[in-house]
Amino acid sequence: MTTIVTRAGKGSPLTHAEVDANFSNLNSDKVETSALATVATSGAYADLTGTPTLATVATSGLYSDLSGTPTLATVATSGLYSDLSGTPALATVATTGAYSDLTGTPTLGTAAAADTTDFDAAGTALALAIALG
């Protein structure tokens, strides 16, 4: 490690000889780039030595390049309800939502099919008859 004399450490200004010695010490203790491995100046992973052998997935990132993966059910990749196994049998109305797909519906009277405005005149007349008593 380089020895450097500082003004703060000495408590007084440095002499010319002390300044020169500081530069000499720095120069003699510096690392020459020629003594460094290539990677120290390139920063390239390819310039490293002793690197591990990487699995293909480490560079591709693809799930298909993994080894020892479980066999996935079709629904895991399709997301379709129809690809599920063991699902209950649903009535048609469960997927259509149509009243006409219901079974066991009641028989409705003719009033059920009538427009509500059809009853306005009859309701008004009945209310008037009740009111007049």
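The values are calculated or read from the model by the stated rules, or taken from the named source; none is laboratory data. All of these numbers come straight from a predicted model, not from anything done at the bench. For neighbour counting, all protein chains shown are included, and Cβ atoms are generated from backbone atoms with ideal geometry for every residue, glycine included.
If I filter the range 66-76 for residues that are part of a helix (DSSP H, G or I) and surrounded by fewer than 10 Cβ atoms within 10 Å (Cβ to Cβ), do I get at least one hit? Checked the range 66-76: no residue is part of a helix (DSSP H, G or I) and surrounded by fewer than 10 Cβ atoms within 10 Å (Cβ to Cβ). Candidates are the residues of the range 1-34 that are surrounded by 10 or more Cβ atoms within 10 Å (Cβ to Cβ) and of a type in the set (A, V, I, L, M, F, W, C); the one that is nearest to residue 68 (Cα to Cα) is 26.
When residue 107 is tested against (1) assigned to a loop (DSSP other than H, G, I, E, B); (2) modelled with pLDDT of 90 or more, exactly one condition is not met: (2). Could you check residue 37 against (1) touching a helix residue (DSSP H, G or I) at 6+ places or on another chain (Cβ under 6 Å); (2) loosely packed, with under 11 Cβ neighbours inside 10 Å; (3) hydrophobic (A, V, I, L, M, F, W, C) and say which number it fails? With respect to (1) touching a helix residue (DSSP H, G or I) at 6+ places or on another chain (Cβ under 6 Å); (2) loosely packed, with under 11 Cβ neighbours inside 10 Å; (3) hydrophobic (A, V, I, L, M, F, W, C), residue 37 is out only on (1). Residues in the range 46-65 that are more than 21 Å from the chain's Cα centre (by Cα) and either touching a residue at least 24 places away in the same chain (Cβ under 8 Å) or surrounded by fewer than 10 Cβ atoms within 10 Å (Cβ to Cβ) (or both): 46, 49, 50, 51, 52, 53, 54.
Residue count for the range 39-58 satisfying the condition of being over 30 Å from residue 69 (Cβ atoms) and of a type in the set (Val, Ile, Thr): 3. Cβ separations smaller than 7 Å between residues 6+ apart or across chains give the following pairs from the range 9-21 residues that are without any contact (Cβ under 8 Å) to a residue 12 or more places away in the chain to residues that are basic (Lys, Arg): 13/7; 14/7.
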